Every structure is written in structure tokens, then in C-alpha cells.
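Structure first, commentary second.
The values are calculated or read from the model by the stated rules, or taken from the named source; none is laboratory data. None of the values given here were measured: they were computed from a predicted structure. Here the Cβ is made from the backbone with ideal geometry for all residues, glycine too, and neighbour counts use every protein chain on show.
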Amino acid sequence: MKNETAARLLALNKQFYQTFGREFSSTRQRLQPGVLRVLDTLNGDESILDLGCGNGEVARELMRRGHRGPYTGVDFSLPLLEVARLGWEDAPATFLRADLAAPDWDKKIVAALTRPFDLATAFATLHHIPNAAARLEILNKIHALLRPGGKFIHSEWQFLNSEKLKGRIQPWAEVRLTQKDVDPGDYLLDWRGGGRGLRYVHHFDEAELQALAEAARFRVRTAFWSDGENGRLGLYQVWEKIT
């Protein structure tokens, strides 16, 4: 994918979340079953970096569970971060605005870091990053932010497992692109809440994720499917940092 095309797709997604941030947040008031399953595995003391934290629902669930470790949430959407920051005046949570697609997205995190994180999460986040090289660069930075043996837990939207969601796939001509301009697995999906919007999404399969993990010096420890009516709308994986 050309850099110019990637930049256009990133701008498309940024515009979507800036325009529909509050409408999107209203549909994300409950965590997915897969996310809750992940949180069930924590001991309560982990330092957590939550990439693509959105409206802060993961942080609120951690607070409800009495999580003791420090939490840092990162997102680029101001409307979502405004929701996320509500009610955290006396809690060990920090929210930072940073765009994972920017080459220096980790700068603020590194500046505030006193020790590497035990755990990084990216729920329904990486699939909005166009260009395989850009995704690998993000994973390399995540690797650097984790302690030796630290975990990276992420979920990827498996919208092709839903006939309803497949019906939301739009032609690339809607954004003046062609199939040749994008990479295999790239899709354009529409949004119909509070107006019509368009989002770029990459559909990962397990083989692609395995290759990414190896390239970024992670070991895939476990994987499971969850979410949606059929329990297969999210692919979750737990990666372990290899030094």
C-alpha cells in the first residue's frame, strides 16, 4: 500500500471517530465477553497500558474490580477521551491523547514511564491501522514498552463471520479508491448510527497474526474466539514478549 493511500484511510477513520465519537461511545457501554474473560485472568497488581482505550470502559471495569496496579489509557479521539476521563480524580488512572498511526505515538508514554508495563492491551484497535509495515512498527514499540516476559493481549474484529456485518461492506469507490490501492484483507464498512459514516478495517486471520507476532518478537501463548451472537466476532490472542 502506498503511503498516500494509508494516510487517506487514517484520515477517514480519524474523521469518523471525531464526528461519531459520542454516538459510538453510546454503543460501547458494556464490555465484550472476550474482554471480561481477559480481565478475569488478571491478579490486580499489573501495570496496564490500554491502547485504543476509547471511552475508558476497561478502566472503569478494573476500578469496579479493585485493580491496584497503575493504568494508562491511550486514544486519539478527544470525544472518547472526554468520556473516559470522567470520575478519575482520585484513582490511579492516566489518559493520554496519542495517535498510534503517528511515528512518535509512544513519546508521551515513554516520558511518563517509571518502569516497563506488565501488560499492554489493544482491544479492537489494530484492525484500524492500514499498511502491514505500520502495524509491525506499532508492535515493535509495544514490545519496547513491556518488561521481559510481559504480555500483549489484543482482539481483532472478525466481521466476516456475520452476514449482517458483511452487508455493511462498501465499495472502495465510495472513497475514490480501488481494490488495487489497498492490501488483501482491507475493507470499507459503513456506520448507520446518528448519521452515515465510513471506516477502514483490516480483517486479520490467524496465520497473519502468527507472522506478525514472530516479526515483532512475541510468542503467541493462547487464542480464543468470543463476542457476538455466534461467539465468533472477536479473535483474542495473548502474546508474550521474547527478549
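What the table shows:
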| quantity | calculated |
| --- | --- |
| All positions within the stretch 168-211 that are modelled with pLDDT of 95 or more, among the aromatic types (Phe, Trp, Tyr) and over 27 Å from LEU139 (Cα atoms) | TRP172 |
| Close pairs from the stretch 215-228: first touching a residue at least 60 places away in the same chain (Cβ under 8 Å) and farther than 14 Å from TRP157 by Cα, partner of a type outside the set (Lys, Arg) and in a strand (DSSP E or B), Cβ under 6 Å, at least 6 apart | PHE218/TRP239; ARG221/VAL238; ARG221/GLU240 |
| Residue in the stretch 138-153 that is in contact with a helix residue (DSSP H, G or I) (Cβ under 6 Å, 6 or more places away or on another chain) and buried (at least 17 other Cβ atoms within 10 Å of the Cβ) present | yes |
| Cross-chain or 6+ apart pairs with Cβ under 7 Å, the stretch 133-153 first and in contact (Cβ under 8 Å) with a residue 40 or more places away in the chain and over 26 Å from ASN43 (Cα atoms), then acidic (Asp, Glu) and outside any strand (DSSP E or B) | none |
| Where a residue in the stretch 2-16 is surrounded by 13 or more Cβ atoms within 10 Å (Cβ to Cβ) and its partner, wherever it lies, is basic (Lys, Arg), with Cβ under 6 Å and at least six apart | ASN13/ARG199; PHE16/ARG199 |
| One residue from THR243, THR222 being touching a Pro at 6+ places or on another chain (Cβ under 9 Å) and β-branched (Val, Ile, Thr) | THR243 |
| Some residue of the stretch 77-91 being under 30 Å from TYR187 (Cα atoms) and modelled with pLDDT of 90 or more | no |
| When residues of the stretch 92-122 are limited to those that are hydrophobic (A, V, I, L, M, F, W, C) and under 24 Å from GLY34 (Cα atoms), the one modelled with the lowest pLDDT | ALA93 |
| Odd one out for HIS127, checked against (1) part of a loop (DSSP other than H, G, I, E, B); (2) closer than 20 Å to ALA11 by Cβ | (1) |
| Residues being touching a His at 6+ places or on another chain (Cβ under 8 Å) and crowded, with 19+ Cβ neighbours inside 10 Å - total across the stretch 211-226 | 2 |
